[in-house]
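All of the numbers you see were taken from the coordinates with simple rules; none came from a lab. Since the structure is predicted, the reported quantities are computational estimates derived from the model, not experimental observations. Note: ideal-geometry Cβ built from the backbone for every residue, glycine included; neighbour counts use all protein chains shown.
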């Protein structure tokens, strides 16, 4: 046994369904789990792993409305207005494309019905009002799926760590860390990050440090740092056990199957940078990374600067 804070469930469940109305106001009973880290650091795959356990529901998309800039955390802290938040939750966070956005989880009517309650509660206790609003949106799909808790995997969750703890005093936060070279070589393919490899390395280092700083003031039992390369390749079983113990779950066949079948180095693209970085740029790229990583390690951060070397030159490396 890994510990004593485990949830035991008697049976497997089938395919999860989209949210249904929750007129009785039923609530989930397990602490929310937040997954965060720099973009392209393994937050999605880690959330999918935990979401394969029947106790927890993983939405098919990042919700973003809690920790993203202008979201619930900023609203409760007085850093944005209710009007601006409403515009975001019914606009850019609601429909981010056919495969992204809150529209995959619930209807706009459910959000519109919850907004007046949020507005009223902000005057008395903004953090409780924000918490209740999030639960009004995320508890129903979790309960409809037969789960008793939900997982949210917006990367900004680490930067918003202290606000998340104030909003959800029982929450757990998993900080997913990945070799900066792999992060940079992935980020440059997306329009939301730097398009240059060197700039992407700098971006990764800044975001990683911001996340570490924000998590520094959390109690030790509320935040867990997991290095992606350890979870999928170098230290699989021990890191898997650490993750289960941290969130208070026993192993489960559905989660174990996902870990065995999906959480592998090919799926995680461990060591992709060795194929992605042009040969004429590699020496300068590695030198820049070495300087940035050395600064991170010198600050005592839980980061292994050699993690991305695990698959270099092996058949596990992929450029996909």
**Study point:** Span from the region 93-111 Cα centroid across to the region 156-235 one, whole angstrom
**Key:** 25
Check your understanding: Can you give me the relative contact order of the chain as a percent, contacts being Cα pairs under 8 Å and 6 or more apart?
Key -> 25
Check your understanding: According to the square roots a ≥ b ≥ c of the eigenvalues of the Cα gyration tensor, what is the shape class of region 20-88, taking rounded for a/c under 1.5, prolate for a/b larger than b/c otherwise, and oblate for the remainder?
Key -> oblate
Check your understanding: What's the angle, to the nearest 10 degrees (0 to 90), between helix 279-298's Cα axis and the longest principal axis of the chain?
Key -> 60
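Is the C-alpha gyration tensor of the chain telling us rounded, prolate or oblate? Criteria: a/c under 1.5 is rounded; beyond that, a/b larger than b/c is prolate, otherwise oblate.
Working: a/c = 1.81, a/b = 1.41, b/c = 1.28.
Judged from the Cα gyration tensor, the chain comes out prolate (a/c at least 1.5, a/b above b/c).
Compute the Cα gyration tensor for region 205-320, then decide on rounded, prolate or oblate, letting a ≥ b ≥ c be the square roots of its eigenvalues: rounded whenever a/c is under 1.5, prolate when a/b is larger than b/c in the other cases, and oblate in all that remain. Each step should come with its number before you reach the end.
Values: a/c = 2.90, a/b = 1.21, b/c = 2.40.
Judged from the Cα gyration tensor, region 205-320 comes out oblate (a/c at least 1.5, b/c at or above a/b).
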Study note, to complete from the structure: Relative contact order as a percentage, region 62-144, C-alpha pairs under 8 Å and 6+ apart, gives 27
**Study point:** In Å, descending, principal axis extents of the Cα set of region 62-144
**Key:** 36, 26, 18
Exercise for review: Rank by packing, highest mean first: peptides 233-239, 58-64, 209-215, with packing defined as the count of other Cβ atoms within 10 Å averaged across residues.
Suggested key: 58-64, 209-215, 233-239
Review point. Label residue 220 and residue 195 with points 7 Å out from Cα along Cα→Cβ: what is the distance between them in nm?
Key: 4.7
